[in-house]
Amino acid sequence: MRSSTTIGRNVRAATGSPSRAGFATAVLMAALVIGCGATQPSESSVAASSSPASTSTPPASHGPATSPTPAPQKAAIAAFVKLVTKSNFAYQATFKGLSRHTTARIPVTGAFAVSGRDYRLTAAFKFNDGTSTVEHRYVDGKAWYRFNGGSWGRFTNFTAAFSMSPFAHVRVVGDVRFVGTEKAGGKTVHRIQIDSVPFHPSLIPATNLSQETVTSGTLELLIDDAGRPISGSASVNGTGRVSGQLQEIVIELNLTFTKLGQKVTVSAP
């Protein structure tokens, strides 16, 4: 397993403190009482760090044991790798799922728009007393984020290796693990796994969270014979401190891919 991945940022140095909903502090204190684990940077963690604290590659995850890949599946995997590694490959994806903590389950919905290495991500977290949002963009080697429609902050020293784009870390066929072939909607599809962290816990809109770290991230995909991704399920495992208390964080997302190969515009804020 590779080293854990942590992302830090310094909002004040770039654009001033991020705007957050007024209910955030109360929500998080309540979450702490019921065991909700940390996520997005707290005020203290935002001010304290602005660069990745550890390795920039996503940690490897371990899926089920796999058998040798038959020739037709090999062709589909090769086509998938060729597609997602194109410099101009573009697509959109929607997702929904849960951010799970010690005893709390926070529903989350969102979307990706990806064009080559550039991408934008939006997500909404439904807390007990309201919804809080986060946006993240990576364009031309620079990264930004904002909460609840407030001012944009910069991830300083953010590199492509920290990308949350779902296929960012696929480079060769060896990065893909074959799971099996099945039928879906009357068509033959292939189930594969890749290492991926499509949502880092530092983006969860919470104010008393610090030291968010990812320990593993897996994206299981269904692809067709042409290698085109249809849907997927992501699992991101990590830890964070809520008011100083270390807690486990598990983010589970179901993704649906659309507009594969079509023009998608992603611009800096």
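Miscellaneous remarks
- Förster radius 30 Å - calculated FRET efficiency between Ser231 and Ala71, Cβ distance, rounded to 0.05: 0.80
- Average projection area in nm² (convex hull over Cα atoms of region 77-171, one quarter of hull surface): 7.6
- Eligible aspartates and glutamates near Lys187 by straight Cα distance, threshold 13 Å, same-chain separation 8 or greater: Asp224, Asp225
- Rg/Rh for region 90-229 stands at 0.99; both radii use Cα atoms, and Rh follows the Kirkwood definition.
- Gyration tensor (alpha-carbon) shape descriptor, region 126-192, a/c threshold 1.5: oblate
- Pairwise Cα inverse-distance average, inverted: Kirkwood Rh of region 169-269 (Å): 15.7
- Förster-model FRET efficiency, 25 Å R0, Glu248 and Val172, C-beta, rounded to 0.05: 0.20
- For region 162-178 versus region 187-241, the spacing of their alpha-carbon centroids is 11 Å.
- Added length on full extension, which subtracts the Cα-Cα distance from 0.36 nm per residue, Ser151 to Thr188: 8.7 nm
- Alpha-carbon centroid distance for the pair region 79-158 / region 246-267, whole angstrom: 6
FYI, it's all coordinate maths here, none of it is from the lab. As the structure is a computational prediction, the values presented were derived from the model and not from experiment. Using ideal geometry, Cβ is built from the backbone for each residue, glycine included, and neighbour counts are taken over all protein chains shown.
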